[in-house]
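Take a look at the structure set out below.
The values are calculated or read from the model by the stated rules, or taken from the named source; none is laboratory data. Being a predicted model, the structure only gives us computed values, none of them experimental. Heads up, the Cβs are rebuilt from the backbone with ideal geometry, glycines too, and the neighbour counts pull from every protein chain shown. Quick note on the areas: whole protein, heavy atoms, side chains included, nothing else; ligands and nucleic acids left out. Shrake-Rupley method; radii C 1.70, N 1.55, O 1.52, S 1.80 Å.
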Amino acid sequence: MNKTWLLLLVLGLSALLLAACGSGSSSSIKTVVVDDDADDASPADDDNDNDDDNDNDDDDNDDNDDNDNDDNDDDDNNDDNDDDNDDNDDDASPTDDDSALSWSAMALPTGLSGQLLGVWGTSHSDVFAVGGYYDGRQALILHYDGFSWSELSWPTRTEPTLFGVWGSSPSDVFAVGYDYLLDQGLIWHYDGAAWTPMTPGAAEAFYGVWGTSATDVFAVGEDAYSDEEVIVHYDGSSWSAMTLPSGPQPILHGVWGASASDVFAVGSTQDCSTPVILQYDGSSWSAMTPPSGLSGAGFYGVWGSSHSDVFAVGYDDLYPPLIVHYDGFSWAAWGGPGGTPPLPYGVWGGSHSDVFAVGAVGYEQDSILHYDGSSWSATALSGLGLHSVWGTSYSDVFAVGIVDGQHGGAILHYGP
């Protein structure tokens, strides 16, 4: 693996990716300064919970009722159709009025000096954010219970940084990353009480993780040294390397699937010059054809609402930002709004007409893109660098990253 690449990543992923895999440019879009003292009251687990959010296995979401409704003694046990209850004391209920929705900074534990690179949850009251401290010697794992964020302890005393997180339930969560001391990829598992190291079996670093259940999990990454396979699969008992199409192993940053037999992994060649899209059909991986005309391009994130509605985001030297879409037959490049960032990192949506992407405008300014089913719009955020986005619904979205120049993590929430 490129050691310079990894070192720069610890010092600030925004600057690294702009320099190494895509060029930055200034933006003319409106800049919004996020209020760090904003009220952290946010919606309870919306019952437009968007079970079609394919980052969460639908069956698992049904098991994860909102713990922030503990003050409710209703006999309906807070099932998916009562999240709009007015019984929630502190958490504002979701609203259908888009004008009442906005991004606000969430309060984090004091003393954090790291970056947050991945976010995922089972509900509004069960959200995980992962990353690493700026010294590159400590992992950073935060958990949100619907009221406040707290830091979780991690299992080793080496030098880990975590890039991605996904789970099938609150007691079955996987975090992936890289251990700088051991110079190898790492995968940790959370059982609802503690994190435990797992044996990944391949790859030098892991950047993304996704699955359909506790016995069907995929992790993707890179291995520039030994050219080992860069996708591993967990069957509920052990991880094993998966065979990829012939040729040099790519760098894979994102993974998402519509089902266990329809999984997409995205990234680039090792020199960051050519985009890579792979698809798994339940038995083998095959290379897909990206849109033509891309130069110096690669992908960082992938998400979809179905097999015929998949978005991938990344960088392209000629036509930033790089947003491509798969309609079930072929990939096509989609343009974003004028003045948008050249380097989207993460993408998530609640439906085809409600997709969020986060990415860099420059070294000290990032942006949030939104697709409403017909066009993209952008909001620039000064002083922030965002890397990952996830939500339970269109009115309950979390984005994580860093506060530029302050060596502090940042978490934004979109809602009432």
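Things worth noting here:
- For the range 101-138, a residue qualifies if it is of a type in the set (S, T, N, Q) and not in a loop (DSSP other than H, G, I, E, B), and the qualifying residues are 102, 104, 115, 122, 123.
- Taking the criterion of being more than 17 Å from residue 230 (Cβ to Cβ), open to solvent by 10 Å² or more (accessible area, probe 1.4 Å) and assigned to a strand (DSSP E or B), the residues of the range 161-171 that qualify are 165, 169.
Conditions tested, residue by residue: (1) closer than 20 Å to residue 144 by Cβ; (2) open to solvent by 20 Å² or more (accessible area, probe 1.4 Å).
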| residue | (1), (2) |
| --- | --- |
| 173 | yes, no |
| 182 | no, yes |
| 185 | no, no |
| 198 | no, yes |
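- Here residue 226 meets each of (1) open to solvent by 20 Å² or more (accessible area, probe 1.4 Å); (2) at pLDDT 90 or above; (3) of a type in the set (Ser, Thr, Tyr) with one exception, condition (2).
- Candidates 312, 287: the one that is open to solvent by 60 Å² or more (accessible area, probe 1.4 Å) and within 16 Å of residue 330 (Cα to Cα) is 287.
- Screening the candidates 286, 308 for the property of being in contact with a Leu (Cβ under 9 Å, 6 or more places away or on another chain) and of a type outside the set (Val, Ile, Thr) yields one hit, 286.
- Of the residues 282, 296, the single one that is open to solvent by 30 Å² or more (accessible area, probe 1.4 Å) and on the phi > 0 side of the Ramachandran plot is 282.
- Qualifying residues in the range 170-212 (those that are at pLDDT 95 or above and of a type in the set (Asp, Glu)) - the one nearest to residue 301 (Cα to Cα): 172
- Selection status of residue 158, more than 27 Å from residue 109 (Cβ to Cβ), surrounded by fewer than 22 Cβ atoms within 10 Å (Cβ to Cβ) and out of contact with any helix residue (DSSP H, G or I) (no Cβ under 8 Å at 6 or more places or on another chain): no
- Failed item, numbered, when residue 314 is tested on (1) at pLDDT 95 or above; (2) part of a strand (DSSP E or B): (1)
- Comparison of 303, 376, 334, 285 shows that the only residue that is of a type outside the set (Gly, Ala, Ser), under 21 Å from residue 120 (Cβ atoms) and at pLDDT 80 or above is 303.
Here's the yes/no breakdown for (1) at pLDDT 80 or above; (2) within 23 Å of residue 252 (Cα to Cα):
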{"residue": "92", "(1), (2)": "no, no"}
{"residue": "126", "(1), (2)": "yes, no"}
{"residue": "135", "(1), (2)": "no, no"}
{"residue": "161", "(1), (2)": "yes, yes"}
